[in-house]
Amino acid sequence: MHRPDLIDELRRIVGLRGVVADPHALMTYDADGCVLDTGNPVVVVLPTTTEQVSAVVRLAARAGLPLVPRGAGTGLTGGATAMSGGIMISSARMDKILEVDVRNGRVLCQPGVINYELSQYLKPYGFQFAPDPSSQKACTVGGNIANNSGGPHCLKYGITASHVYGVEMVLADGTVMWSGDGSPAPPGYDLTGVITGSEGTFGMVTAAWLKLTRLPEAVRVVLALFPDIAGASSTVSQVIASGLLPAALEIMDRLAIKAVNEMYRLGLPEQAGAALLIEVDGVEDGLDELLHDVTAICWRNGALDVRPARTQAEQNQVWAARKNAFGAMGRLAPTYYLVDTVVPRTRLPYTMEQVGKISRTFDLPIANVFHAGDGNLHPIILFDRRNRSQNQRALEAASGVLQVSIEQGGVISGEHGIGVEKRDYMTLLFSTEDLAAMAGLHQSFDPHDLFNPGKIFPKGRGCGELAALRRSGLRGEVA
Amino acid sequence: MMQLQSEMAALVGAAHVHNQPGAIQGQAPLMRVCPADREELAAVVAVAYQHGVGVVPQGGGTKQQWGHPPSSGFILLDTTRLNRVLIYEPDDLTISVEAGMTLGMLTATLAANGQMLPLDAPLPARSTVGGLLATGIDGPRRLGYSSSRDLLIGVQVVEANGRFSKAGGMVVKNVSGFDMMKLYIGSLGSLAIIVGANFKLIPRPRAAATIACAFEQPAAAFSLIHAIQASQLTPVAVEYLHGSAPPGLEAQAPLVVAVCAEGLPAAVERHVRDVSSMAERSAAVGVTLLRDDPHEAVWAAINDLSQTDALNPDEMVLRLSCLPADLERAVTDASDLAHRHALKLRIVARALSGMAYLRIQSHDAAALENYHHALLAAWPHISLLAGAAKQKAGAHIWGRAIPNLDLMQRIKHEFDPQNRLNPGRYI
C-alpha cells in the first residue's frame, strides 16, 4: 500500500487529528527513553476507541505493516521504538478513567491514563494504584502493563502483574478479547498473567481492570546516611534477612546525592557516601517498633545519621528527590545510560563494589539510585553521547554490569523490560529451549509477528524462527 | 506395552515402575513411573512421547478428582521422588525446590529459619509444590500474601516431548522475558510438567491471632465483612464459613467469619480490638479469640475444607469464582438453593476475594445435578472440582464456558501438539 493511501485510510478511521504524518513531527517518535536505539515509524496513529484500534490493526495486517504500540515513550529499552518502520499506535488519546468500582476494589482505565494521575484520582476514594515507577508522572498504565513495571513500593506491594485483573486486547486479526475482570479464578489459562510484561508483542491493550490498593493508615519515612554505599547495602541485606518488611528501601549514592542536593536543596551532607530511604507503612500500631528495629540495623552498619521525615511535606520532598533523581542526572553529564538488573539481596554489597570497579575500568562516572530492598540495581553510567569513545565505553560498562549481575545469580532486567536494548543479552540467561517456549507462547497470540517485531528475542533468533524450530521437534539437552 | 515397560524400567529402575496403579477417575494408567530426578523424568516423558502414550503427572494425587478423566492409554508420572531442596538462601528469602516436595515438608524446612510460603493448600502432608502450582489452588491467606501467582519467581518444566525449559530466576523482581510462570500456574499439567519451582519467601510473623465471629444470619456476617473491607485494617485472611465450623468453634452458630491477623504484636492487637468491636456492631452472637496452637489448628482445618481427596460417596465439591461484591449474593443463592432441595451444604469462602468452595451432599444424584445446573445458571464461573463420575460426565465442569477458548487451544497446540499431557482433562 502506498503511503498516501495508507494515511488516507488511517484518517478515515481515526479522523484528521488522529494521524501524525509530517516528517518533522514524526521525528519526535524516533526513540523512547532509550536514545541509543532509534527508528522512524511510517506514520503515527492516535485512536480514541477500541473499535478504531481494531480497524487500524486490520488495516496494518492487510498492508503487511508492523504495529508498534506506544504509551508515553518513557520506556528505557527501545520497547516503544519502531525499529522496522510500520505504524506506531499511540495510546495518548485513550486516556480516560472509565469506572471506579470500590466495592470490587478495581478501576477500569484506558491504556493512556497516566500512572500518577490515576493514583491522584483514586486518593479521595482512599485508594491508590500501587505500582509507582520513577517516571510515574509521565508514564501510562498501558506502558506499565506492557513492561510489568515496578517502582519503589513494589518491595511490599508487588509489581504491575499483581495489580492487573484483566485487560481488553486487540489481537492481530483485529478481534477484541477480555482476559478477565477481577473474578479470582475464571477457568482456563492465566492470559492476564502472560499478557502483562509481553512488551506490546501480543496485541494492543485497549482497556484494563486494575486493582485498587487501600492507602495505608500510617506511613513513616526516614533517611539514613552512610559514609559509603557498602554500609547502606549491608543494611538493606540485613533488614531483609531479619524478616522486617518495609514498604520501600531505596539507595542513592554520593553522585546521586550531589545531583539531587543541587536540584532539591535537600541539604544532605556531601560527605555522605550513600543515603538509604526507608519507608514503613500499615496500621499505626507497631509502626514505631518496626522503624526502631530498622534504625538499629542502620546504626549497627555505621550510619552517620538517621533523619526522620516528620511531616508530609518532608516526606514528599524526600520522595521527590528519589523519584526525580534520574532527571537530576542532567546536572552531571549530557547523557546517561541506566542499567536495570537484579541480584539476590545478599549479593548487593559485593555487586555494588564491582560496579565501582567497572566505573574506574571504563573511566566513566556511575551514579546509583536503586530499589535496594528488591536487589534491583540501577547503575547510571554518565557520558557524553557526542564523544564516540565515551559512547563505546558506556556500552561496554553496561555489559560489564550485566555480566557481574548474572555471575551473582542475577537477571538482566528487573522492571524495565528487554525491548531492543537487552534482546541480545537474553541468551546469557536462557537456553534455546527456554526462548523457544516463549516464542511458542508468542506465536499463539501473534502468529505473523505483527505487533512490535524485533523486540525481546535475540537478533538472528527471531520469534517465528524459534517457534518453527520448536515445532520441528527441538530436543535440548536436559540442563 | 511390555516394550514400554522395559524401557521405563531401564530408565528409572524396575522397582520404580508399578504395574497396577490405582485408576484416575475410573481410567487405569498403563503403569505408574516414579523417576528420581528431573533428568529421569524428562527421559520418561520422551520415551512415552515416542511410544505415543499420554502422560498424567501426579504429585500427592490429592487433586486428581479435578477435570475430566484422562483419555485412555497413559502412564501415571509420579513426581514424589523429586522432593529435594535445590537452593535455599535464607538471607535472600528465596528457595528453589523440586516439584514433588510436599508443602508440609517445605513449611517445616522454612520454619526452621523463621520463614514461610503462605500458600495454604489443603492436605499439606501430601500436596506437592508441583501439584499446588499446576492446579493453582489458593488458600485463605491469599488476601494478605497473594497466591502462587505472586510468590513463584522461577519455574523449571519438562515439555510434552521431554524437552526441558525454564523461566524466571532466583531474584524477587524479574522481567527478563515473558512471564511463563503465569502460564503454567493453573494449567493443570496440560502444557508442561513442572519439575522445579523457585519461590519468594515471607518472614514468619512475630505475632498472630484468630478472631472468630459467629453469626445467625448471612446479612450480619457480611456486614462485618464489609466493615473490614472499608477499614484500613490489613488482615491476612477473612473466611466465611457456613456449616463447616472448624474444631474449637463447632459449638457456635451456623455461620462463622474467621479473621486472621499476622504481623507485629501491636498491629495484631489492634486487629483483635477493632475486628471484635466491628463484630459486635454487626450483631455477632459470639466472638472467640484464638492464639498459638488453637489458632494454628483452626487454620489448618480451614485450609483443608477445600480438599477434594476424600469425598463422601454422595458428595460434590464446587468452586465458585465471582466479583468480591457479588459473593454475598452468591453464597445466599447457594444456600437458598440447598435449602430448597434439602441438600446438606458446607461453604468455605475467601470473603474479600470472591471465591467460595461449596461441598454439597445428597443421596439423590439427580438433586445434586439439578443443584449444579441451577447454580450455574446464575453464576457462570463454577468449576465442578469433584463428584461422582456419572455426574461429571457431560456436565459443564469448567463453568458455563471457558472464555477465550480458541486462544487457549492455540497455546495448548503450540505446547503439546500431539495432546499427550493430561489428555482430555482440561484445555
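Structure notes:
Per-residue answers, yes or no, for (1) away from chain A (no Cβ under 14 Å); (2) modelled with pLDDT under 95; (3) under 13 Å from the mean Cα position of the chain (by Cα); (4) part of a loop (DSSP other than H, G, I, E, B):
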| residue | (1), (2), (3), (4) |
| --- | --- |
| B:V45 | no, no, no, no |
| B:T62 | yes, no, yes, yes |
| B:L76 | yes, no, no, no |
| B:S96 | no, no, no, no |
| B:G104 | yes, no, no, no |
| B:N113 | no, no, no, yes |
| B:P118 | no, no, yes, yes |
| B:R126 | yes, no, yes, yes |
| B:G131 | yes, no, yes, no |
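- Residue check for B:A338: part of a helix (DSSP H, G or I), more than 26 Å from A:R106 (Cα to Cα) and touching a residue at least 24 places away in the same chain (Cβ under 8 Å): yes
- Hits in region B:300-325 (condition: over 15 Å from the mean Cα position of the chain (by Cα) and buried (at least 17 other Cβ atoms within 10 Å of the Cβ)): B:L311, B:D314, B:E315, B:M316, B:C322, B:L323, B:P324, B:A325
- All conditions in (1) hydrophobic (A, V, I, L, M, F, W, C); (2) surrounded by fewer than 23 Cβ atoms within 10 Å (Cβ to Cβ); (3) touching a residue at least 60 places away in the same chain (Cβ under 8 Å); (4) not in a loop (DSSP other than H, G, I, E, B) hold for A:L245, with the sole exception of (4).
- Considering residues of region B:133-179 that are more than 11 Å from every other protein chain (Cβ to nearest Cβ) and within 17 Å of B:M355 (Cα to Cα) only, the residue surrounded by the fewest Cβ atoms within 10 Å (Cβ to Cβ): B:G144
Matching residues to (1) in contact (Cβ under 8 Å) with a residue 40 or more places away in the chain; (2) over 24 Å from the mean Cα position of the chain (by Cα):
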site	(1), (2)
A:P186	no, yes
A:I195	yes, no
A:A208	yes, no
A:A224	yes, yes
A:I251	yes, no
A:V260	yes, no
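- Residue check for A:S389: within 11 Å of another protein chain (Cβ to nearest Cβ) and surrounded by fewer than 21 Cβ atoms within 10 Å (Cβ to Cβ): no
- Qualifying residue in region B:414-421 (condition: assigned by the TED database to the domain that holds B:G189, of a type outside the set (S, T, Y) and under 21 Å from the mean Cα position of the chain (by Cα)): yes
- Every test in (1) within 14 Å of chain B (Cβ to nearest Cβ); (2) of a type in the set (A, V, I, L, M); (3) under 17 Å from the mean Cα position of the chain (by Cα) is passed by A:V369 save one, and that test is (1).
- Picking from residues in region A:219-240 that are in contact with a Gly (Cβ under 7 Å, 6 or more places away or on another chain) and within 14 Å of chain B (Cβ to nearest Cβ), the one that is farthest from A:L348 (Cα to Cα) is A:I240.
- Only one of the numbered conditions (1) in contact with a Leu (Cβ under 7 Å, 6 or more places away or on another chain); (2) over 23 Å from B:G186 (Cα atoms) is violated by B:Y88, and that is (1).
- Restricting A:L244, A:L268, A:L277, A:L290 to residues that are within 22 Å of B:D91 (Cα to Cα) and away from chain B (no Cβ under 14 Å) narrows the list to A:L277.
- Among residues that are more than 14 Å from every other protein chain (Cβ to nearest Cβ), under 20 Å from the mean Cα position of the chain (by Cα) and at pLDDT 95 or above, A:I358 is not included.
- Check on B:P246, of a type outside the set (D, E), outside the structural domain of B:G387 (by the TED database), out of contact with any His (no Cβ under 6 Å at 6 or more places or on another chain) and under 29 Å from B:P124 (Cα atoms): yes
- One residue from A:G440, A:G410, A:G460, A:G473 being surrounded by fewer than 17 Cβ atoms within 10 Å (Cβ to Cβ) and facing chain B (nearest Cβ under 8 Å): A:G473
- Residue check, A:L118 among the hydrophobic types (A, V, I, L, M, F, W, C), at pLDDT below 95 and not assigned by TED's automatic domain parsing to the domain that holds A:L338: no
- Hits in region A:180-218 (condition: closer than 26 Å to B:I397 by Cα, of a type in the set (G, A, S) and more than 7 Å from every other protein chain (Cβ to nearest Cβ)): A:G180
- Of the residues making up region B:369-400, those that are closer than 18 Å to B:A310 by Cα, away from chain A (no Cβ under 14 Å) and among the hydrophobic types (A, V, I, L, M, F, W, C) are B:A386, B:A388, B:A389.
- Taking the criterion of being closer than 17 Å to B:E239 by Cα and either free of Cβ contacts under 8 Å to residues at least 40 places away in the same chain or in contact with a strand residue (DSSP E or B) (Cβ under 7 Å, 6 or more places away or on another chain) (or both), the residues of region B:269-284 that qualify are B:H271, B:V272, B:V275, B:S276, B:A279, B:A284.
- The helices (runs of 4 or more DSSP H) found entirely in region A:104-183 that carry 3 or more residues being in contact with a helix residue (DSSP H, G or I) (Cβ under 9 Å, 6 or more places away or on another chain) and within 30 Å of A:R345 (Cβ to Cβ) are A:141-147, A:154-157.
- Those residues of region A:413-437 which are assigned to a helix (DSSP H, G or I) and facing chain B (nearest Cβ under 7 Å), in sequence order: A:M426, A:L429, A:E433, A:D434, A:A437
- Of all the listed residues (B:R359, B:R329, B:R400), the sole one being within 30 Å of B:R142 (Cα to Cα) and assigned to a strand (DSSP E or B) is B:R359.
- Count of residues meeting criterion [away from chain A (no Cβ under 14 Å), part of a loop (DSSP other than H, G, I, E, B) and not aliphatic (A, V, I, L, M)] in region B:29-43: 2
- Any hit, region A:25-33, residues being part of a helix (DSSP H, G or I) and of a type outside the set (A, V, I, L, M): yes
- When restricted to residues that are within 16 Å of B:H341 (Cβ to Cβ), small (G, A, S) and surrounded by fewer than 21 Cβ atoms within 10 Å (Cβ to Cβ), region B:372-402 contains 3.
- Against the criterion of being within 30 Å of A:D446 (Cβ to Cβ), outside the structural domain of B:C213 (by the TED database), within 19 Å of the chain's Cα centre (by Cα) and not polar (S, T, N, Q), B:H381 qualifies.
- Test: residue in region A:367-386 that is surrounded by fewer than 20 Cβ atoms within 10 Å (Cβ to Cβ), within 21 Å of A:A259 (Cα to Cα) and not assigned by TED's automatic domain parsing to the domain that holds A:G231: yes
- Flag if A:I406 is outside any loop (DSSP other than H, G, I, E, B) and touching a residue at least 12 places away in the same chain (Cβ under 8 Å): yes
The values are calculated or read from the model by the stated rules, or taken from the named source; none is laboratory data. Since the model is a prediction, treat every value here as computed from it, not as a measurement. Every residue, glycine as well, gets a Cβ built from its backbone with ideal geometry; the counts of neighbours run over all protein chains shown.
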